[in-house]
2 protein chains.
Amino acid sequence: MADLGFVGLGIMGKPMAGHLLAAGHTVHIYDLVADNIQLVAQAGGRPCSSSKEIAQKSTLIFIMVPDTPDVEAVLFGKDGLADGLKSGSIVVDMSSISPLATKEFAKRLGARGVKMLDAPVSGGQVGAKKGTLSIMVGGPVDVFEQVKPVFELLGKNILHIGDHGAGQTCKVANQIVVALTIEAVSEALVFASKAGVDPMKVRAALLGGSAQSRILDLHGERMIQRNFTPGFRIRLHQKDLNLAQQSARSMGISLPNTAMAQELFNAVAAQGGIDLDHSAMVLALEKLAQHKVSG
Amino acid sequence: MADLGFVGLGIMGKPMAGHLLAAGHTVHIYDLVADNIQLVAQAGGRPCSSSKEIAQKSTLIFIMVPDTPDVEAVLFGKDGLADGLKSGSIVVDMSSISPLATKEFAKRLGARGVKMLDAPVSGGQVGAKKGTLSIMVGGPVDVFEQVKPVFELLGKNILHIGDHGAGQTCKVANQIVVALTIEAVSEALVFASKAGVDPMKVRAALLGGSAQSRILDLHGERMIQRNFTPGFRIRLHQKDLNLAQQSARSMGISLPNTAMAQELFNAVAAQGGIDLDHSAMVLALEKLAQHKVSG
């Protein structure tokens, strides 16, 4: 069994690396935060002092860090993976980052004989802990098949979407739909509530028809119960919609409601809510309406 | 068993009146189109020459017509129901119309000793035929309980939402969510497709996670397969979003993405698509992007 590497041991990476260890893999680990390394070392992870060292000791390396510049630093920064990667190794980036940057990274690694997959996930911290993440994979299908047994330790709904960047594109599409459905449910509940109708009854009625969605079910309930504890933070969803907007601009397409959803997130952030759950987007519409859904 | 009346025998009213007849009710029928009366008469309906005559012969009267002015004409126009209604009769308006006008109509009928329910439906022509409509009811709960056995001949998900107008408010909320979810799926599929990723795989991946919705499933598939045969026509959804926008303005609230969705419907209408299925909203985003989801 090949040695695995894992860079990025935050709220997602920690439980994910844990599943790999629990399955009996040797996992070399690194994080910018020493405490995170210590915690995963207690579960059997082998601490490294840099991404470079990970690359020297492993042939299948996972990355789970916050954003595009973080992935770039892990790959190509000082003492980064690129300084230690062996030809034939595989890098699997499970972070949610720019599809365009991903294609570029895959190209640069490919020039060194290193294979890459982009494999962003949805399902959040809960999914990471339970090993039930959805994993959307881009890259060569033979590399996907090779890594699939390891993906199966981390998630349930594991799909090969297409070539390099396709996983990230799929994740961005996911985040567009989630944000805009939250916005849709927000408008509907503010509307009904302002008209004097019980939003919980509206939610129940709508769940029985063509307006049904997981967001209406879960986030609709959060809005009505005023439970904005994350969950998934507005701060992160802003990052994802920023990826959508950047990519859309560079591809030359128009995403009008994504733009509006981002502005509503910005408005909630302006009210101090940047670390609330993304269902708190409703607060911006409530501010515009001077009316609360529960009111 | 009280005699029933049914005004409005179009693509929804015809099968609905049919279910009442099939259950053994006496149903007095009227429509502006003589052929529609003839068709329902063949199933046992008793033709009347006006809404007034329906009101004289029935004590529980259903209305299923296209829009607010149509309901007003049926109720209070020349030879309308109001000219023949007996004190103690019940009028059930199953059309999708203005919540505010509904409250006004209920008040005017109440002054004559006539009870009213607003009971708009979702589920479309298919739901009407199968008797599986969702029915969202506003009005006094005792009147709702009285009419409920008849509703059960027409639908499955029958909910009392609140007082007069609450059913219509709930229906408008439903149409907001449906339109904005169609818009969300449209943006995501145009984005993915323009990035060179198979939209069918994106749809499949997203259905397994928090982006899941009935719209992503059904309307997403329609967009990818370029099947815009209605279904539910853009023309009717424009009417519903107009109700949302009018009501929002008069209540003093702001629905930014509803406004954008309406504009996208307007753009599809401008391209000649007003009688396409509402999933054809994607055509407006494709026009902006100069890129087709299937392309």
Residue count, the stretch A:1-29, condition part of a helix (DSSP H, G or I) and open to solvent by 20 Å² or more (accessible area, probe 1.4 Å), comes to 6
Does the stretch A:161-179 contain at least one residue that is under 25 Å from A:Leu218 (Cβ atoms), facing chain B (nearest Cβ under 7 Å) and either acidic (Asp, Glu) or open to solvent by 10 Å² or more (accessible area, probe 1.4 Å) (or both)?
-> no
Scanning the stretch A:221-247 residue by residue, the ones that are without any contact (Cβ under 8 Å) to a residue 60 or more places away in the chain and among the aromatic types (Phe, Trp, Tyr) total 1
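Has the stretch A:249-256 got at least one residue that is more than 9 Å from chain B (Cβ to nearest Cβ), farther than 22 Å from B:Leu216 by Cα, touching a Phe, Trp or Tyr at 6+ places or on another chain (Cβ under 9 Å) and of a type outside the set (Phe, Trp, Tyr)?
No, the stretch A:249-256 has no match at all.
Name the single residue, out of those in the stretch A:210-227 being in a loop (DSSP other than H, G, I, E, B), at the interface with chain B (Cβ under 7 Å from one of its Cβ atoms) and not hydroxyl-bearing (Ser, Thr, Tyr), that is most open to solvent (accessible area, probe 1.4 Å). Full working, then the answer.
Within the stretch A:210-227, the subset in a loop (DSSP other than H, G, I, E, B) is A:210-212, A:226-227.
Checking which are at the interface with chain B (Cβ under 7 Å from one of its Cβ atoms) leaves us with A:210-212.
In the following step, the residues that additionally are not hydroxyl-bearing (Ser, Thr, Tyr) were identified as A:211-212.
On the way: A:Ala211: 3, A:Gln212: 32 Å².
The qualifying residue most open to solvent (accessible area, probe 1.4 Å) is A:Gln212.
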Hey, can you tell me all the residues within the stretch A:182-209 that are in contact with a strand residue (DSSP E or B) (Cβ under 8 Å, 6 or more places away or on another chain) and surrounded by fewer than 24 Cβ atoms within 10 Å (Cβ to Cβ)?
-> A:Gly196, A:Asp198, A:Lys201, A:Ala204, A:Gly208, A:Gly209
Of the numbered conditions (1) open to solvent by 10 Å² or more (accessible area, probe 1.4 Å); (2) under 21 Å from A:Gly167 (Cβ atoms); (3) outside any loop (DSSP other than H, G, I, E, B), A:Val91 fails exactly one; give the number of that condition.
-> (1)
Select from the stretch B:112-141 the residues that are part of a strand (DSSP E or B) and under 20 Å from A:Met200 (Cβ atoms) and list them in ascending order.
-> B:Asp118, B:Ser122, B:Ser134, B:Ile135, B:Met136, B:Val137, B:Gly138
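Table: residues versus (1) open to solvent by 40 Å² or more (accessible area, probe 1.4 Å); (2) touching a helix residue (DSSP H, G or I) at 6+ places or on another chain (Cβ under 8 Å); (3) closer than 23 Å to B:Gly123 by Cβ.
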{"residue": "B:Ala34", "(1), (2), (3)": "yes, no, no"}
{"residue": "B:Val40", "(1), (2), (3)": "no, yes, yes"}
{"residue": "B:Pro47", "(1), (2), (3)": "yes, yes, no"}
{"residue": "B:Ile54", "(1), (2), (3)": "no, yes, no"}
{"residue": "B:Lys78", "(1), (2), (3)": "yes, no, no"}
{"residue": "B:Leu81", "(1), (2), (3)": "no, yes, no"}
{"residue": "B:Pro99", "(1), (2), (3)": "no, yes, yes"}
Any residue in the stretch A:254-283 that's closer than 28 Å to B:Val282 by Cα and without any contact (Cβ under 8 Å) to a residue 24 or more places away in the chain: show its pairings with residues that are among the charged types (D, E, K, R) and not in a loop (DSSP other than H, G, I, E, B) at Cβ separation under 9 Å, as long as the two are six or more apart or on different chains.
-> A:Ser254/B:Glu187; A:Pro256/B:Glu183; A:Pro256/B:Glu187; A:Pro256/B:Glu263; A:Ala267/A:Lys287
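The values are calculated or read from the model by the stated rules, or taken from the named source; none is laboratory data. From a predicted model like this one, the values you see are computed outputs, not experimental measurements. Cβ atoms come from the backbone with ideal geometry, glycine included; neighbour counts cover every protein chain shown. Keep in mind that these areas ignore ligands, DNA and RNA; they rest on the heavy atoms of the full protein, side chains included. Shrake-Rupley method; radii C 1.70, N 1.55, O 1.52, S 1.80 Å.
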